[in-house]
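Chemist: Once you've had a glance at the structure underneath, I'll fire off some questions.
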């Protein structure tokens with residue numbers, strides 16, 4: 001295989017091909033949506049556009065074949081990369097599990113609870129700076 005073509009079988013080359021074909025599919029989608037939006041300009045405008053696309057466009061069969069090739073290359077390369085990644089790492093990554101709620105003594109839980117202006121018992125109004133100082137005393141083991 002020629003050295004220049006070998007690039008497309010590497011991981012980076014495969015991602016490049018997938019990106020380019022995905023961009024071409026996105027461009028097709030934008031053009032297709034733009035053509036369909038012409039329906040809001042009236043039936044004459046839309047029918048003229050449809051007539052030009054179907055009857056006067058000699059490149060339509062070549063464009064359709066090119067679009068089919070782009071879709072097939074995109075799917076083939078994506079599926080190949082997926083299975084290559086699965087083969088390279090047969091054991092999946094460990095997923096982090098939630099250990100539970102936040103600790104009552106953490107700064108984040110203290111500010112979240114007291115940011116509404118209530119202390120941990122919920123009976124008195126307190127400023128955030130006071131609750132922050134209380135949290136620091138609590139985490140250092142000093143009682144109030």
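Chemist: Kindly check whether there is at least one residue in segment 82-95 that is modelled with pLDDT under 60, not assigned by TED's automatic domain parsing to the domain that holds residue 15 and not in a helix (DSSP H, G or I). First the steps, then the outcome.
Modeler: Our first condition is that a residue be modelled with pLDDT under 60; within segment 82-95, this holds for none.
Checking segment 82-95: not a single residue is modelled with pLDDT under 60, not assigned by TED's automatic domain parsing to the domain that holds residue 15 and not in a helix (DSSP H, G or I).
Chemist: Could I ask something else about it? For residue 42, all conditions in the list (1) closer than 23 Å to residue 83 by Cβ; (2) modelled with pLDDT under 95 hold save one; what is the number of the exception?
Modeler: Exception for residue 42: condition (1).
Chemist: Additional query: In segment 34-68, which residue that is within 21 Å of residue 17 (Cβ to Cβ) and surrounded by 12 or more Cβ atoms within 10 Å (Cβ to Cβ) is farthest from the chain's Cα centre (by Cα)?
Modeler: 63
Chemist: Please specify each residue of segment 1-18 satisfying the condition of being loosely packed, with under 12 Cβ neighbours inside 10 Å, in a helix (DSSP H, G or I) and either within 27 Å of the chain's Cα centre (by Cα) or at pLDDT 95 or above (or both).
Modeler: To start, the set of residues in segment 1-18 that are loosely packed, with under 12 Cβ neighbours inside 10 Å comprises 1-6, 10-12.
Among the residues that remain, those that are also in a helix (DSSP H, G or I) are: 3-6, 11-12.
Passing the criteria: 11, 12.
The values are calculated or read from the model by the stated rules, or taken from the named source; none is laboratory data. Keep in mind that what you see is a predicted model, and the values were worked out from it rather than measured. Methodologically, a virtual Cβ is constructed for each residue, glycine included, from the backbone with ideal geometry; neighbour enumeration extends over all protein chains shown.
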